[in-house]
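Colleague: First the structure, which I've put down as structure tokens, then a few questions once you've had a look.
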Amino acid sequence: MKNKIKSDGSITAIYKVSTESKLSRPLLGTKVPAGFPSPASDYLEGTLDLNKYLIAHPASTFFMRVGGDSMIGAGIYPEDIVIVDRSLEATNNKIVVAVYDGELTLKRLRIENDKYYLVSENDSYPVIEVNKELDFFVWGIVTFVIHQV
């Protein structure tokens, strides 16, 4: 019986990055306190182009829409968009988009004693030990998550 990745960590759409469009927005030079309130400041630091801030390697970066709830413990929810860089090295504890048995899945990569595991960030889903007999490779590394609050 083959292990199949269930839809809990599925990717529902993949989008190529376009750096042709520019949208710079004002960036305030002061940090917003997340603790006690602070007097407001009218200091403007400059503008911020999100392409430059979020995308280090445009030719190898993609946006992907998340289709399941297996990564909610990492702050990644259904319908979020993850920014995935294919040029980065897959190392222990990185959140990755992997191809396992022909299917895309979003999981945390654990490497222990030369064994690979795909780990959900939701206790409802089991840890998947990568079976060497099945097709497996890391498609890309998640660098940022975009979700509505």
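Rule-based calculations on the coordinates, nothing more; no lab input. Fair warning: this is a prediction, and the values are worked out from it, not measured in the lab. Using ideal geometry, Cβ is built from the backbone for each residue, glycine included, and neighbour counts are taken over all protein chains shown.
Colleague: Among the listed residues 141, 81, 55, which satisfies the condition of being over 23 Å from residue 22 (Cβ atoms), β-branched (Val, Ile, Thr) and surrounded by 14 or more Cβ atoms within 10 Å (Cβ to Cβ)?
Modeller: 141
Colleague: So how many residues does the stretch 51-103 have that are part of a loop (DSSP other than H, G, I, E, B), polar (S, T, N, Q) and in contact with a helix residue (DSSP H, G or I) (Cβ under 8 Å, 6 or more places away or on another chain)?
Modeller: 2
Colleague: For the stretch 98-149, give me the residue count where each residue is under 17 Å from residue 83 (Cβ atoms), of a type in the set (D, E, K, R) and in contact (Cβ under 8 Å) with a residue 60 or more places away in the chain.
Modeller: So the count comes out to 1.
Colleague: Only one residue in 125, 116 is assigned to a strand (DSSP E or B), surrounded by 17 or more Cβ atoms within 10 Å (Cβ to Cβ) and more than 15 Å from the chain's Cα centre (by Cα). Which one?
Modeller: From the options 125, 116, the qualifying one is 116.
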